[in-house]
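The values are calculated or read from the model by the stated rules, or taken from the named source; none is laboratory data. Just so it is clear, the model here is predicted, and its values are computed rather than measured. Every residue, glycine among them, receives a Cβ derived from its backbone with ideal geometry; neighbour counts consider all protein chains shown. With ligands, DNA and RNA removed, areas are computed over all heavy atoms of the protein, side chains included. Shrake-Rupley method; radii C 1.70, N 1.55, O 1.52, S 1.80 Å.
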Amino acid sequence: MITKIRYSKNPGKTIDYILNPKKGAHVVIARGVSSLTDRSILTRDFKCSLRPSLKVKAVHIPMSFHVNDTATLESHAEEIIGDWIRHMEKHGYCFDQFIIGCHHDKDDKNPHFHFLANVVLDDGTRANLANIGKAAKEASI
């Protein structure tokens, strides 16, 4: 698995990309959201009303796998992604609200997922993002 850290100033646009119906996208795992399919509800859920002054509203982590992993991912995606989340949480990267979407692009492309998390926690504090790239890389190994 290869991860890359991106930050989102507009979670609604990122949600539209992650759950693009043209890509056969769907939510694999979610926490703290009231819908798994309605993009407008998800966008509303990701509003940072507790900290509106924050420029970065969400962290977006694409997770790419080798094309040879496709069969394994079809049967064990939730388990693999769940292990990745537990590793991140063990290292202090806890998010109260996130979605993980799966894309089904062209058959010859690498299978990939998209992790999108709200950087504002339920208590109004900002989630820890320091060295998140290093932790995501370690979790993917």
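Compute, for the stretch 1-76, the length of the dipole vector about the Cα centre, with Cβ point charges of +1 (Lys, Arg) and -1 (Asp, Glu) only. Units Debye, rounded to 20.
Computed about the Cα centre, the dipole is about 540 debye.
Rg of the Cα atoms in the chain, relative to 2.2 N^0.38 Å, amounts to 1.00.
The heavy atoms of Asp83 present about 80 square angstrom of accessible area, all protein chains included, probe 1.4 Å.
The residues of the stretch 80-141 expose, per residue, 49 Å² of accessible area to a 1.4 Å probe.
Rounded to the nearest 20, the size of the Cβ-charge dipole of the chain about its Cα centre is 800 debye, with Lys and Arg at +1 and Asp and Glu at -1. Loop-located trypsin sites (Lys or Arg not before Pro) across the stretch 1-96 with a Cβ neighbour count of 13 or fewer within 10 Å are Lys4, Lys9, Lys47, Lys55, with loop assigned by DSSP.
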